[in-house]
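K.L.:
First, the structure itself, so that you have it in front of you.
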Amino acid sequence: MPSLTLQALTAFVAAWVVYRVYLRYAQNAALAVVPGPKSNSWLLGDLKAMFATNGWEYHKQLMKDYGAVFKFSGLLKAPHLYVYDPKALSQILSKEQGVYEKTEDFLVMNGLIFGNSLPASHGDEHRKQKKMIGPVFSPAHMREILPTCFRVAYTLRDSIKQQVLRGQSEVDLSAWMSRVSLELIGQGGFGYSLDPLTENAPEHPFTTSIKNLARSATDPLMVLPRMYLLPPLSKIGSPRFRRFLLDIVPWPKLHAIRDMVDVMDQTAKEILGQAQKSLDADDEVLKARIGSGKDILSILLRTNMLASEEEKLPQSDLLGQIGSITFAGMDTTSNGLSRTLHLLSEHPEVQAKLRAELQEARKQRNGDDPEFETLMTLPYLDAVCKETLRLYAPVPFLLRRVCTDMIMPLHTPIQTAFDPKQQLNEIFVPEGTTIIMSLIGCNRNKDVWGEDAEEWKPERWLEPVKESVVGAKVPGVYSHLMTFLGGGRACVGVKFAQLQIKVVLSTLVENFTFAPGSKEIIWQLNGVIQPTTKDAGFTSTGHRKLQLPLKLSCIEAED
Ligand code: HEM
Ligand SMILES: *[C@@H]1O[C@H](CO)[C@@H](O)[C@H](O)[C@H]1NC(C)=O
């Protein structure tokens, strides 16, 4: 009897392996017509070269060699398509969004880390959450949190000023940008302070956890178990039983992640509890709250309370948004800010022109901060932000998986792999193919932006948008750019991110001049693109410390 079971099992496993091999062969045969580089290794394919922290040059070379759609190999020859053709992206993100989903392991991981939330859900569940959360970030609500944001920016400015006046010639702006982004989400987003923004203040455990989590999630030793073990394991037994399993597995790295998640969960509960309490409170209590109850979370709770039964989000879904919004907004905004300051330090003429615009706006208001509408429409400030977020989109690329065979249409035809004279206007994409959407690739596409697409030129935004840009119908939610994605999964924080960037940038540029420091800045291709220097040490998680040392001088106010 046992041998019969064993035989059946062996036969089953063998059949499964044969089926997988056949499937992979069929997928690769179907994509044979699409050009792409020869795979470097049968085990890892091209993944190592593409996702290396210094992999950007390789991406550039491939985009130059093959254009807006090309094929490359993943693990064990799994077929991947690299895509930045605008028409193809439009299909992926809007027209056929349901066919191109985030991978299951990713959704499951987000669910375990944050709980029910936007990055952990899909389909109808995701649509329901988005419908409730999207409108909370409207311009009208952004206007209300502007004073809170300016106050946070002033605290930052004063702390940096102290550092400069003490004679510190170079300031690490990467650390400050990450702290100020976090505090803007804390105060503007949740009415809760996460960082006092004073020099040497100890880090909030919530911050430490979120930062380390971002690094652990992309740890190569974690990626394989996450892809293959997490989805099935997450379905075994009850949450309590799974927690028991987690606690007894002798795996320190996993336990470290468990502890980070616990810290985040506790903090999220505290943040939500405070916001909820002040909802029922009288005016005095509300006024004592940071931002007087005008933060995003308070608005969300009020909207949710008034919503119909089928639109209302349960408590668990509200809680999950706190960690995930912080996670989604922190590194993206801070590295966008860091990049802008780095570019301004290298382009003194742009810096001077921007400063002049800001000073003029303040003069118009007799020395007061600009109003929301003015700040958001100052043409040169807007041009500098847009051009930076175009050329250096903080999130360089994102993954999707095709769940049924698809015909993918193209804006620009590609040459076939067999005959350069033969062109394809569409591609057959077999089920199971992994798609890498290159957001930076689309933002730098010469067919869309013209021959100078690779240059940083804020001035291009002072002219009417080009015919070729309008004609490309890029599916992005922000100025024909893919930076904040588009379609059903577009960034909900796009308006908040712009507000944060403009408030911090305008405050700093008015009070300091920025010049290059003595060290070369290296931008690493991580999940988000991040700055460091050659001699930066390593963190406890084994990652290079982030660094952006620039030379700052104070500008004394003229009266
Ligand atoms: C420069 C700053 C930012 C950039 C470049 C950016 C970019 C993006 C991108 C590319 C996505 C799609 C991710 C995916 O599909 O996997 C996304 C989603 C998201 N972003 Fe942002 N983001 C920024 C700032 C923010 C801020 C400030 C917040 C909130 C405070 C935020 C909240 C979110 C959320 C909640 C999602 C998930 C949306 C969903 O799944 O439907 N982001 N963001
Ligand atoms: C920053 O710059 C503004 C505008 O010039 C000025 O009013 C303000 O006094 C400056 N603040 C500090 C702390 O230098």
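Where a number appears in this text, it was derived from the coordinates with a stated rule and is not lab data. All of these numbers come straight from a predicted model, not from anything done at the bench. All Cβ positions, even for glycine, are placed from backbone atoms using ideal geometry, and neighbour counts span all protein chains on display.
K.L.:
Count the net charge of all other residues whose Cβ sits under 12 Å from the Cβ of ILE501, scoring Lys and Arg as +1 and Asp and Glu as -1. Can you show the working numbers first?
P.N.:
Details: positive: ARG339, LYS386, LYS495, LYS502; negative: ASP382.
Residues near ILE501 contribute +3 overall.
K.L.:
Can you bin the range 489-539 into rounded, prolate or oblate? Criterion: square roots of the alpha carbon gyration tensor eigenvalues sorted a ≥ b ≥ c, rounded for a/c under 1.5, prolate for a/b above b/c, oblate for the rest. Kindly include the intermediate steps, with their values, before the conclusion.
P.N.:
On the way: a/c = 3.39, a/b = 1.23, b/c = 2.76.
Judged from the Cα gyration tensor, the range 489-539 comes out oblate (a/c at least 1.5, b/c at or above a/b).
K.L.:
Ranked highest first by average number of other Cβ atoms within 10 Å, how do 366-373, 294-301 line up?
P.N.:
Numbers: 366-373: 13.1, 294-301: 22.6.
Highest mean packing first, the order is 294-301, 366-373.
K.L.:
Per-residue counts of other Cβ atoms within 10 Å, averaged by peptide: what ranking do you get for 3-13, 197-207, highest first? Please list the in-between numbers first.
P.N.:
Details: 3-13: 9.5, 197-207: 14.8.
Final packing ranking: 197-207, 3-13.
K.L.:
What shape does the range 309-440 take by its C-alpha gyration tensor, where a ≥ b ≥ c are the square roots of the eigenvalues and a/c under 1.5 counts as rounded, a/b above b/c as prolate, and the rest as oblate? Show your work: numbers first, answer last.
P.N.:
Values: a/c = 2.90, a/b = 1.48, b/c = 1.96.
It comes out oblate by the Cα gyration axes.
K.L.:
Something else now. Any idea how far apart GLN415 and GLU309 come out in nm if each label point goes 7 Å out from Cα toward Cβ?
P.N.:
Placing both labels 7 Å beyond Cα along the Cβ direction yields 6.4 nm.
K.L.:
So how tilted is helix 173-184 from the main axis of the chain? Cα-based, degrees 0 to 90, rounded to 10.
P.N.:
That helix lies at roughly 90 degrees to the long axis.
K.L.:
While we're on this one: What shape does the range 108-254 take by its C-alpha gyration tensor, where a ≥ b ≥ c are the square roots of the eigenvalues and a/c under 1.5 counts as rounded, a/b above b/c as prolate, and the rest as oblate? It would help to have the intermediate numbers written out before the result.
P.N.:
On the way: a/c = 2.98, a/b = 1.54, b/c = 1.94.
Oblate is the answer for the range 108-254, as a/c is 1.5 or above yet b/c matches or exceeds a/b.
K.L.:
Under a plain spin-label model, where a point goes 7 Å from the Cα along Cα-to-Cβ, how far apart in nm are ASP368 and ALA29?
P.N.:
It is 7.3 nm.
K.L.:
Give me the aspartates and glutamates in straight-line cross-link reach of LYS421: C-alpha distance below 18 Å, same-chain residues under 8 apart excluded.
P.N.:
Within reach: ASP65.
K.L.:
Can you tell me how much longer the chain between SER234 and ILE407 gets when fully stretched, taken as 0.36 nm per residue apart minus their C-alpha distance, in nm with one decimal?
P.N.:
Values: separation 173, 0.36 × 173 = 62.28 nm, distance 3.29 nm.
Length gained between SER234 and ILE407: 59.0 nm.
K.L.:
While we're here: Which whole-number percent of Cα pairs in the range 242-375 have a distance greater than 25 Å? Walk me through the numbers on the way to the answer.
P.N.:
Details: 5044 of 8911 pairs.
Counting pairs separated by more than 25 Å, the tail of P(r) holds 57 percent.
K.L.:
Which net charge results for the neighbourhood of LEU245, defined as the other residues with beta-carbon distances under 13 angstrom from its beta-carbon, given Lys and Arg at +1 and Asp and Glu at -1?
P.N.:
Details: positive: LYS235, ARG240, ARG242, ARG243, ARG258; negative: ASP247.
Cβ neighbours under 13 Å give a net charge of +4.
K.L.:
Right, here's the next one. Pairs to check: LYS386/LYS466; LYS95/LYS446; LYS446/LYS466; LYS211/LYS253. Give those whose C-alpha atoms are more than 19 Å from each other in this structure. Can you show the working numbers first?
P.N.:
Working: LYS386/LYS466 15 Å; LYS95/LYS446 24 Å; LYS446/LYS466 12 Å; LYS211/LYS253 15 Å.
As for pairs spanning more than 19 Å Cα to Cα, those are LYS95/LYS446.
K.L.:
Also: Please report the spacing between the Cα centers of the range 378-411 and the range 67-137 in Å, no decimals.
P.N.:
What the calculation gives is 14 Å, centre to centre.
K.L.:
Enter the angle in degrees (range 0 to 90, nearest 10) between the Cα long axis of helix 315-346 and the first principal axis of the Cα atoms of the chain, meaning the one along which they spread out most.
P.N.:
70 degrees
K.L.:
Starting from the Cα of ILE555, step 7 Å toward the Cβ, then list every residue of the range 369-413 with an amide N under 13 Å from that point.
P.N.:
381
K.L.:
I'd like the orientation of helix 205-217 relative to the chain: the angle between its Cα long axis and the longest Cα principal axis, in ° from 0 to 90, rounded to 10.
P.N.:
Roughly 30 degrees between the two axes.
K.L.:
Sticking with this structure for a sec: Mind sorting SER39, SER278, SER238 by how few other Cβ atoms lie within 10 Å of their own Cβ, fewest first? Can you show the working numbers first?
P.N.:
Working: SER39 16, SER278 20, SER238 8.
With the sparsest Cβ surroundings first, the list reads SER238, SER39, SER278.
K.L.:
Note down the nm distance, to one decimal, between modelled labels 7 Å out along Cα→Cβ at ALA14 and at PHE244.
P.N.:
3.9 nm
K.L.:
Another question, then. Report the gain in length on full extension from SER518 to ASN200: 0.36 nm times residue separation, minus Cα-Cα distance, nm rounded to one decimal. Can you show the working numbers first?
P.N.:
Numbers: separation 318, 0.36 × 318 = 114.48 nm, distance 2.33 nm.
Answer, rounded to one decimal: 112.2 nm.
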